[in-house]
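Let me begin by presenting the structure, written as structure tokens, before commenting on it.
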Amino acid sequence: MTFTMPSQYTLETLPKPKDSRVQFEIVPRHKIAALRYTGFWSEERNAEKAQELVTWISKQPGLKVIGAPRFAGYDPPWTLPFFRRNEIMIDVASGKDL
């Protein structure tokens, strides 16, 4: 699970976690392509949506896939499928990064 913290905090000024399994790290800035979809999560559906996103990226001039697909789900389990928000995200390079 990932959280984004407000920019006014540094690693030193973030509140200390109560659970020792929680760790903070700085993730370098990067570009991603994302595909949003609704419904329940499944490996088959994720693979299908990841392939759809890879196909879209390959058709975009100046974009190149540089990472593996990642899944993000944003809703609790009791959310109705057509209201659920999911995303497949893939790191990409563009422009001078190619």
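The values are calculated or read from the model by the stated rules, or taken from the named source; none is laboratory data. It should be emphasised that the depicted structure is a prediction, and the values quoted were computed from it without experimental measurement. For neighbour counting, all protein chains shown are included, and Cβ atoms are generated from backbone atoms with ideal geometry for every residue, glycine included. Side chains are part of the model used for accessible areas, which takes the heavy atoms of the whole protein and leaves out ligands, DNA and RNA. Shrake-Rupley method; radii C 1.70, N 1.55, O 1.52, S 1.80 Å.
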Open item on the list: Restricting to segment 37-69, and then to whatever is part of a loop (DSSP other than H, G, I, E, B) and in contact with a Pro (Cβ under 6 Å, 6 or more places away or on another chain), can you tell me which residue is least open to solvent (accessible area, probe 1.4 Å)?
Closed with: G39
Open item on the list: Can you tell me which of (1) surrounded by fewer than 10 Cβ atoms within 10 Å (Cβ to Cβ); (2) of a type in the set (V, I, T); (3) within 30 Å of K96 (Cβ to Cβ) is the one T10 doesn't meet?
Closed with: (1)
Open item on the list: Suppose we filter R29, R85, R21 for residues that are surrounded by 10 or more Cβ atoms within 10 Å (Cβ to Cβ) and either touching a His at 6+ places or on another chain (Cβ under 9 Å) or of a type in the set (K, R) (or both); which single one remains?
Closed with: R85
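Residues are listed down the side, and each one gets a yes or a no for (1) closer than 27 Å to G95 by Cβ; (2) of a type outside the set (S, T, Y); (3) touching a strand residue (DSSP E or B) at 6+ places or on another chain (Cβ under 9 Å):
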position: L14; (1), (2), (3): no, yes, no
position: R21; (1), (2), (3): no, yes, no
position: V27; (1), (2), (3): yes, yes, no
position: W41; (1), (2), (3): no, yes, yes
position: V54; (1), (2), (3): yes, yes, yes
position: W78; (1), (2), (3): no, yes, no
Task: First in segment 28-43 and hydroxyl-bearing (S, T, Y), second anywhere and not in a strand (DSSP E or B), Cβ under 7 Å, 6 or more apart - done: Y37/K49; T38/P81; T38/F82; T38/R84; T38/R85
